[in-house]
Amino acid sequence: MTSLTFQLPPLFDYFATFLWALSGAIVGMHKRYDMAGVCVIALLAATGGSTLRDGLFLNQLPPVLTDVWYVPLILLAALVVQFFRQRIAGMRLIDNLINLIDAIGVPAFAVVGMQLSLAARIPIPGVVLIGMVNGFGGGILRDLMVGDTPAVLKPGRFYLSAAFVACILFVVLEVYLHVAATIAAWIVIGLFFTIRALAVRYDWRTQPVLPDTEPR
Amino acid sequence: MTSLTFQLPPLFDYFATFLWALSGAIVGMHKRYDMAGVCVIALLAATGGSTLRDGLFLNQLPPVLTDVWYVPLILLAALVVQFFRQRIAGMRLIDNLINLIDAIGVPAFAVVGMQLSLAARIPIPGVVLIGMVNGFGGGILRDLMVGDTPAVLKPGRFYLSAAFVACILFVVLEVYLHVAATIAAWIVIGLFFTIRALAVRYDWRTQPVLPDTEPR
Amino acid sequence: MTSLTFQLPPLFDYFATFLWALSGAIVGMHKRYDMAGVCVIALLAATGGSTLRDGLFLNQLPPVLTDVWYVPLILLAALVVQFFRQRIAGMRLIDNLINLIDAIGVPAFAVVGMQLSLAARIPIPGVVLIGMVNGFGGGILRDLMVGDTPAVLKPGRFYLSAAFVACILFVVLEVYLHVAATIAAWIVIGLFFTIRALAVRYDWRTQPVLPDTEPR
């Protein structure tokens, strides 16, 4: 851990975790779960990516176990959703808020995962894979648990591909061009945010591999 | 492992594993799976919680690999269900039996998970989390594998919340009040069993976070 | 790793991984995912089994991280499907091709998993379990991710049971009869292939544990 030259600032990490938990709690609320179910979905959304990264790939204790603030933060997010449930249920902008969380949270967590993998001397393709798992794992587990097809798999969102390009850029910058890790991280977060913002602004959409021959 | 002061008696552990496998086999039977499919669901229900605990969180070999009796016990449970399939399919009390299994099995496995986590020096919130994963993991994986939304997430059952309270009580008793681990374990199992029995007896139900404004 | 006396030849391993990735990419294409979604399903199908084996059970780095060829191979499979999408969509023989891939790939990966488990001194029932996880894990994760019930659980395919018999035979041959590992491996692959071919040829089908009393 001492060789890591980039760490998200702890407050930023907690803030992102809280926002991801909020997104999970909102999904659970819309599924008509009770408070306990809402907490479970919030927990999955906020810590699923880092738990898959550490538990399945890197064989180390995931931060949800070692950092005492994660579980309380997630309970807090569930309580916030419980308290403002009527206002959130009536919101139209909630999707925009969640998109904004994602546009910052996905690359930030992806960079953390890639840093940890580089420190563990994983080969380059594995580093990119762990970046993707860390960035998207929480959202995918959240969707699977509530019985939805993971949103990121569906066409119409410029999401996985933007993150894949951003992850490769990070590895190129840091491993081959020896850019300082902190600078590489912010470039990557900025790039992903810009691609996503442009995709929403100009309505760029990905196409299914197999186009429909008849209207759906 | 030497620092553990509470272990479920091995026969109790095998008995609980067998009952959980039975519950999984019954679910698989009702889904019209063949014998092999029934065995897979029984295996998931009986060992999913401990496998997630050890494989994903604590990074040690899960007991399904190291204990030679688990796989034969699960095959036995599947054979029992195969043999009594007509009687089980016609039973009305089968849900009560499964509820009874759960009311004993969930807190017992939760306590085992918390003991292992305390021995691994996991911080307190992580200990409670592993208790929940160990207690509920098998049932959740069973439900996801057969394509159902996990039953514990839905309102109407006093289940996750009772276990959460019981897990916190166990940690308070053992870590802060220094109660002997065996006594703490039985108190917690008794508390969970009592809450569940009262909830069924007096029809206590949890409410969705977002109440319906119109009848479903 | 030095005590392993059987390893799939690397080219065979890459070939099988490529074919599994192809099967995942075809499933993703039929679900109307975009290129990024197709790559995710191809990755799950090709590396899910070995990742569960190493990440969840054996606590070592999964090969998708340590072998630099896996991620590029999977991207290549997705590109092949993208390029030949019209031809694949119109094919009638594609199910036969996928069945052929499975009939070779499942026992081959199962044998690799059992070899690694024996080397890790896992007890016999655990060895058989890891063989099954390694052989079927990728296909099950692929099906769960796209929202289908895993195909292997449904009656009508002689699949899990043939693999279970083959895995037990491998352990008997190698551990109790001290047959050379390479020979045992090819016997097991041949047996599984033969059972599957006979099951398709003579239309052998497994039955649900609970038979229907009325026509479906």
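The values are calculated or read from the model by the stated rules, or taken from the named source; none is laboratory data. Only a predicted model underlies this, so the values are computations on that prediction, with no experimental measurement involved. Cβ coordinates were reconstructed from backbone atoms using ideal geometry, including for glycine residues, and neighbour counts include every protein chain displayed. We work out accessible area using only protein heavy atoms, side chains counted, and drop any ligands, DNA or RNA first. Shrake-Rupley method; radii C 1.70, N 1.55, O 1.52, S 1.80 Å.
The single condition among (1) open to solvent by 10 Å² or more (accessible area, probe 1.4 Å); (2) under 16 Å from C:T17 (Cα atoms) that C:P125 does not satisfy is (2). For the structure I just gave you, tell me whether A:A36 is part of a helix (DSSP H, G or I), open to solvent by less than 10 Å² (accessible area, probe 1.4 Å) and either under 30 Å from A:V188 (Cβ atoms) or modelled with pLDDT of 85 or more (or both). No: the conditions fail for A:A36. From the list B:G135, B:G147, the lone residue that is on the phi > 0 side of the Ramachandran plot and at pLDDT 85 or above is B:G147. Is at least one residue of region B:175-183 within 22 Å of B:G49 (Cα to Cα), at pLDDT below 85 and either among the small types (G, A, S) or touching a Ser or Thr at 6+ places or on another chain (Cβ under 8 Å) (or both)? Yes, because at least one residue in region B:175-183 is within 22 Å of B:G49 (Cα to Cα), at pLDDT below 85 and either among the small types (G, A, S) or touching a Ser or Thr at 6+ places or on another chain (Cβ under 8 Å) (or both). In region B:100-135, the residue that is farthest from the other protein chains (Cβ to nearest Cβ) out of those that are closer than 20 Å to A:W69 by Cβ and among the β-branched types (V, I, T) is B:V133. Residues that are at pLDDT 90 or above and more than 9 Å from chain B (Cβ to nearest Cβ) were ranked within region A:76-93; the one that is farthest from C:N59 (Cα to Cα) is A:V80. For the condition small (G, A, S), in contact with an Asp or Glu (Cβ under 8 Å, 6 or more places away or on another chain), under 23 Å from A:L56 (Cα atoms) and assigned to a helix (DSSP H, G or I), A:G135 does not qualify. Candidates C:T149, C:T206: the one that is part of a loop (DSSP other than H, G, I, E, B) and under 19 Å from the mean Cα position of the chain (by Cα) is C:T149. When residues in region A:152-174 are screened for being open to solvent by less than 30 Å² (accessible area, probe 1.4 Å), over 20 Å from C:P62 (Cβ atoms) and not in a loop (DSSP other than H, G, I, E, B), 8 of them pass. So, in region C:184-212, exactly how many residues are of a type in the set (S, T, Y), modelled with pLDDT under 85 and surrounded by fewer than 20 Cβ atoms within 10 Å (Cβ to Cβ)? Residues in region C:184-212 being of a type in the set (S, T, Y), modelled with pLDDT under 85 and surrounded by fewer than 20 Cβ atoms within 10 Å (Cβ to Cβ): 1 in total. With respect to B:A181, is the statement that it is buried (at least 17 other Cβ atoms within 10 Å of the Cβ) and more than 18 Å from the chain's Cα centre (by Cα) true? Taking the combined requirement at face value, the residue satisfies it.
As an exercise: evaluate B:P215 against (1) open to solvent by 50 Å² or more (accessible area, probe 1.4 Å); (2) at pLDDT 80 or above; (3) farther than 30 Å from C:I140 by Cα and give the number of the one condition it does not meet. In the conditions (1) open to solvent by 50 Å² or more (accessible area, probe 1.4 Å); (2) at pLDDT 80 or above; (3) farther than 30 Å from C:I140 by Cα, B:P215 misses (2) alone. Considering region A:59-75, the residues that are open to solvent by less than 20 Å² (accessible area, probe 1.4 Å) and in contact with a Leu (Cβ under 8 Å, 6 or more places away or on another chain) include one that is nearest to the other protein chains (Cβ to nearest Cβ), namely A:L65.
Tell me which residues, restricted to region B:57-95, are within 22 Å of C:A120 (Cβ to Cβ), among the hydrophobic types (A, V, I, L, M, F, W, C) and without any contact (Cβ under 8 Å) to a residue 12 or more places away in the chain. Result: B:L61, B:L65, B:V68. Scanning region C:173-188 for residues that are farther than 11 Å from C:P107 by Cβ and either without any contact (Cβ under 8 Å) to a residue 40 or more places away in the chain or among the hydrophobic types (A, V, I, L, M, F, W, C) (or both) returns C:L173, C:V175, C:Y176, C:L177, C:H178, C:V179, C:A180, C:A181, C:I183, C:A184.
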